[in-house]
Each structure stands twice: as C-alpha cells, then as structure tokens.
Amino acid sequence: MSAAFALIRRDLALARRNAGDTLAAVAFFLLACGLFPFGVGPDPNVLARIAPGVVWVAALLAALLPLDRLLGADHDDGTLDQLLVSGLHPAAIAAAKAAAHWLATALPLLFAAPAGAVMLNLPADAIPTLVAALAMGTGVLSLLGTAGAALTLGARRGGVLLPLLVLPLAIPALIFGAAAVEAATLDLPVRPHLAMLAALLAAALPLAPLAAGAALRGAAE
Amino acid sequence: MFEARELAGERGGRIVFAAVSFALAPGAALLLTGPNGAGKTSLLRVLAGLGRIADGMLLWDGQPALEDRIAHASRLALVGHQDALKPALTVAETLHHEARIIGGDAVAALAALELEGLADHPVRILSAGQRRRVALARLVLGAARPLWLLDEPTVALDVAGVATLGRVLAAHRARGGMVVASSHLALPLDGATELRLAA
C-alpha cells in the first residue's frame with residue numbers, strides 16, 4: 001500500500017517538474033470554452049443554455065490530453081518493467097497511475113472550471129454543483145482513461161486509438177454531469193444526478209484498475 | 001534454489017529460445033552468452049516473470065515460481081537493457097523515490113555505485129555510463145532480494161564502473177544472493193556457470 005502511495009508521490013514530483021503538461025491541459029480547457037462564444041454568438045441566454053454541456057465536454061477532452069503519455073512514457077523507458085517487478089500488484093500500479101492523473105490534471109481543471117463557466121455566462125450559483133460533478137466525472141475519466149491507456153500500450157497510433165476507446169465509455173458520466181449542472185441552473189434537485197455520478201465512480205473504482213492491471217501485464221509480454 | 005527445466009519462451013508468437021535448463025544455488029551466478037537474437041533478453045524477461053513461457057517449468061525452492069507472480073517479483077531485482085530513468089529527476093531523487101517504492105536504502109545505494117558526486121545532477125545531463133550506474137544502484141536498493149537479473153549490465157560502463165559492479169555483485173553473492181546476467185563483454189563474475197544460447 002505504501003509503495004502505491006510512493007508511486008503516486010513520484011509521479012506527482014515528475015508532474016511538478018514537467019508542469020507544462022498540466023498548464024497545457026488547463027490552457028486547452030479555457031481556450032475551448034472561450035471559442036464557443038465566437039462560434040455560437042455572444043447572446044448571453046444562448047451561452048448560459050449550452051454552458052453545462054460545453055464546460056463538461058471541454059474538461060473531458062482536456063483531461064484526455066496527457067493520458068497517452070501516462071503509461072506510454074513508462075512503457076517506452078522501461079519504468080513499467082521496473083514497476084511490474086517491484087512487488088506491487090499490477091492493479092495497484094494502475095490505480096496509482098489513475099490517482100496521479102487525477103491529481104496532476106483533473107484537480108487543476110477543477111480550479112479552472114469556474115473561469116470557464118463564467119466565460120459562458122453560467123449562473124454563479126450553479127458553479128459549486130459544476131465543480132462537485134466534475135470532481136467525480138473526471139475521476140471516472142481518470143480510471144477509464146488509465147484502462148484505455150493500458151490497453152493501447154505498444155499499439156501503433158495508440159494516441160489516436162485511446163480517445164476512440166475512452167470517450168464513448170465516458171458518455172454516461174457526461175450525461176449525468178451536465179444534467180446536474182443544468183438542474184442547478186433551473187433550481188431543480190441536483191442530488192439524483194450527483195448520486196448517479198457517484199455510482200459510476202464507485203463502479204469504475206475497482207473495475208478499471210483490474211482491467212488496466214491485466215492489460216499492463218499483457219503489454220510487458 | 002532457482003531452477004529452470006526445459007524452459008522455452010516466445011515473443012511475438014515466435015519461439016525465441018527452447019530447452020533451457022539450469023539450477024542456481026544461493027551464491028551462484030549464471031552467465032548467459034550467445035549471438036544477437038539468441039533470446040538472452042527474452043530469457044531474462046521470462047525469469048523476471050515478464051515474458052511469456054511457451055513450455056517447461058521455472059521453480060523456486062522446488063515450487064512453481066510464477067504461480068504467485070507478486071511473490072516472485074518481490075524476490076528479484078532487474079536491470080534491463082533500458083535504464084528506466086526519468087530525465088527530469090536528479091540522481092538522489094530518483095533513488096529516494098525508488099527506495100520508497102521497492103524498499104532499501106537510497107544513501108547506501110548512492111555510495112555503493114560511487115554516485116555521491118552526481119547526487120544533485122538531473123539525470124538529463126548524465127552520460128550513458130553514469131545513467132547505467134544509476135540504473136545499477138537499483139540492485140543495491142534490492143539488496144534484500146535474492147535474485148538479481150542483469151541484461152548487459154556493463155554496457156557504457158568505464159573500467160572503474162565495471163570494478164564497482166564487480167564488488168557489488170561479489171557482496172551480493174557472499175550474502176547468498178544469486179545472479180543471472182547476459183553479456184557480450186567480460187563480466188566481473190568469478191566462477192559463474194556459462195549458459196550458451198544458440199541463435
């Protein structure tokens with residue numbers, strides 16, 4: 001267990017050293033949100049109407065950016081082999097990688113999300129719901145993304161394959177996440193939507209690392 | 001006792017080595033030789049539990065070694081042909097992080113491979129031989145692990161580096177550790193059994 005935390009700590013130290021990757025994801029998110037007013041026009045009502053979905057899609061796409069290097073870099077330089085002979089269970093390696101991805105990429109996006117929401121005229125009282133829903137939704141994406149990254153290890157064009165594999169699986173999280181924010185803007189109850197997101201996270205939490213762990217072992221062979 | 005019986009390994013659906021048998025007692029060393037493509041690296045990966053066994057058995061103290069892969073991984077230390085280093089971390093950070101993951105004493109590892117002078121250098125600026133020394137320092141972190149698997153450990157090392165490695169390996173074998181190494185160059189392994197793989 002402490003070895004898994006040590007792995008998270010190592011990956012976070014690396015993420016701090018290569019802070020450009022995190023900044024790139026945050027900048028991509030803000031830029032994607034900022035493009036929509038140019039595309040659909042500056043009408044505040046239209047922007048507020050589409051804001052929940054736009055912020056969600058932009059956040060999911062931004063969180064995908066570093067995924068192909070999450071395991072790919074370790075696979076290419078031999079670190080993955082070292083982790084597999086460290087005595088850590090492959091599923092624990094995958095879980096640690098997913099946690100590192102969430103902490104290094106998704107958490108900064110949560111801080112940037114209110115800025116993206118304001119650009120799209122999302123009512124301010126919906127922002128806490130947005131952040132809470134994104135926190136869980138990006139958790140689901142980190143877990144599914146780690147499994148996808150493990151499955152595409154060693155595949156040519158794995159970086160292209162990965163979003164094709166992961167994004168369809170993220171649709172349920174997107175539906176309930178955007179619905180929660182929309183409910184918050186209309187003063188409807190948000191808890192059912194957040195509970196569904198929590199359920200998705202609870203399902204992905206054990207399953208994705210197990211799948212990713214098996215794929216990691218396969219990739220080493 | 002680490003034992004292979006009629007072991008065959010495959011890579012990419014092709015058998016790369018077959019009918020490999022050896023028995024390694026505590027303190028013993030096995031030197032893998034053979035031309036390029038003979039399957040030395042594949043054999044080391046199979047011994048590490050990373051490769052795919054096509055046929056035969058791998059035994060640890062008479063029990064199938066890979067039945068519990070986590071237990072097998074916990075008794076070995078591997079230095080592959082890749083150094084597995086992160087350019088952004090310094091030498092000391094690399095070894096401290098690794099020590100937290102696999103156990104061992106990072107300061108002792110730095111000292112054993114004579115890396116103290118490089119401790120604050122980022123791995124990015126090291127020469128190939130210096131990187132190899134950092135990768136080999138992993139063995140000292142894994143000193144408590146009985147089985148060391150080395151793939152061309154002396155590549156890029158200078159004469160002093162080879163001598164240092166020789167001392168580390170001798171100390172490990174004196175503790176009752178086992179070493180399996182592949183090399184085209186002369187290795188500082190006294191009294192090692194040679195296993196020649198045919199292409």
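Using R0 = 41 Å, the C-beta based FRET efficiency linking residue A:24 and residue B:186 works out to 0.30.
Per the helix-only calculation at 222 nm, which mean residue ellipticity applies to chain B, given -39500 (n - 2.57) for every DSSP H run of n ≥ 4 and division by its residues, nearest 500 deg cm²/dmol? All intermediate terms of the calculation are to be shown ahead of the outcome.
Numbers: 6 runs with 63 residues, N = 199.
My calculation for chain B gives -9500 deg cm²/dmol from helical runs alone.
Taking every residue in B:98-104 and counting other chain Cβ atoms within 10 Å of its Cβ, the average works out to 6.
Counting only trypsin sites (Lys or Arg not before Pro) that sit in a DSSP loop (anything but H, G, I, E, B) with at most 14 other Cβ atoms within 10 Å, what is the longest stretch of chain A containing none of them? Answer from the scan: A:1-155. Taking only the C-alpha atoms of chain A, the Rg (one decimal) and the largest Cα-Cα distance, Dmax (whole number), read 17.7, 57 Å. Converting the Cα gyration tensor eigenvalues of the stretch B:2-196 into ellipsoid dimensions via √(5λ) gives semi-axes, longest first, of 28, 17, 16 Å.
Note that the stretch B:48-54 has calculated 3J(HN,Hα) couplings of 7, x, 9, x, 9, 8, 8 Hz, one per residue in order, obtained from phi through the Karplus relation 6.51 cos²θ - 1.76 cosθ + 1.60 (θ = phi - 60°); glycine and proline are x. Taking the Kirkwood radius as Rh and the Cα radius of gyration as Rg, the protein assembly as shown has a ratio of Rg/Rh equal to 1.07. Relative contact order of chain B: 30 percent, from C-alpha pairs under 8 Å at least 6 residues apart in sequence. Once the Cα atoms are used to define both axes, helix A:171-185 deviates from the longest principal axis of chain A by about 30 degrees. At an R0 of 22 angstrom, the distance between the Cβ atoms of residue B:70 and residue A:77 translates into a FRET efficiency of 0.45. Kindly provide log₁₀ I(q)/I(0) values, in the same order as q = 0.13, 0.26, 0.28 Å⁻¹, from the Debye equation applied to equal alpha-carbon scatterers of the stretch B:146-199. Once normalised to I(0) and log-transformed, intensities are -0.31, -1.16, -1.30.
The modelled label-to-label distance between residue A:207 and residue B:120, using points 7 Å beyond Cα along the C-beta direction, is 5.1 nm.
Each of residue A:1 and residue B:82 was given a label point 7 Å from its Cα along the Cα-to-Cβ line. The distance between the two points is 3.1 nm.
Counting neighbouring beta carbons within 10 Å and listing from fewest to most, the residues B:33, A:129 come out as B:33, A:129. Take the Cα of residue A:38, go 7 Å toward its beta carbon, and the backbone nitrogen atoms of the stretch A:112-128 under 16 Å from that spot belong to A:119-120. Centroid-to-centroid, using Cα positions, the stretch B:27-88 and the stretch A:87-115 are 31 Å apart. Taking the average, over residues, of other Cβ atoms within 10 Å as the packing measure, peptides A:160-167, B:45-52, A:179-186 rank B:45-52, A:179-186, A:160-167 from highest down.
Please sort through the DSSP H helices of chain B and keep those with an alpha-carbon extent of at least 18 Å along the long axis and a Kyte-Doolittle average not below 0.0.
Length and hydropathy pass: B:128-141, B:159-174.
Calculated on the Cα set of the stretch A:126-221, radius of gyration then Dmax: 15.3, 53 Å. For a label point 7 Å from the Cα of residue A:65 along Cα→C-beta, name the residues of the stretch A:16-47 whose backbone N is under 20 Å from it. Taking a point 7 Å out along Cα→Cβ of residue A:65, the residues of the stretch A:16-47 whose backbone N falls under 20 Å are A:16-39. Across the stretch A:43-54, computed HN-Hα scalar couplings (Karplus, 6.51 cos²θ - 1.76 cosθ + 1.60, θ = phi - 60°) run 4, x, 5, 5, 4, 4, 5, 8, 3, x, x, 5 Hz from first to last residue, x flagging Gly and Pro.
Mean per-residue shielding of peptide B:60-72 is 1, counting Cβ atoms of other chains within 10 Å of each Cβ. Extending 7 Å from Cα along the Cβ direction at residue A:48 and again at residue A:17 yields two label points whose distance is 4.8 nm. Working note: 222 nm ellipticity from helices only, DSSP H runs with n ≥ 4, each -39,500 (n - 2.57), summed and divided by the residues of chain A, gives -27500 deg cm²/dmol to the nearest 500.
Shown is the FRET efficiency for residue A:221 and residue A:195, computed with R0 = 45 Å from the Cβ-Cβ distance and rounded to the nearest 0.05: 0.65.
Per-residue shielding of B:77-89, expressed as the average number of other chain Cβ atoms within 10 Å of the residue Cβ, stands at 5.
Taken together, the values in this text are just the output of simple stated rules run on the coordinates, not laboratory data. Here the structure is a predicted model, which means the values were calculated and not measured. Quick reminder, even Gly has a Cβ in these numbers, built from the backbone with ideal geometry, and neighbours come from all protein chains shown.
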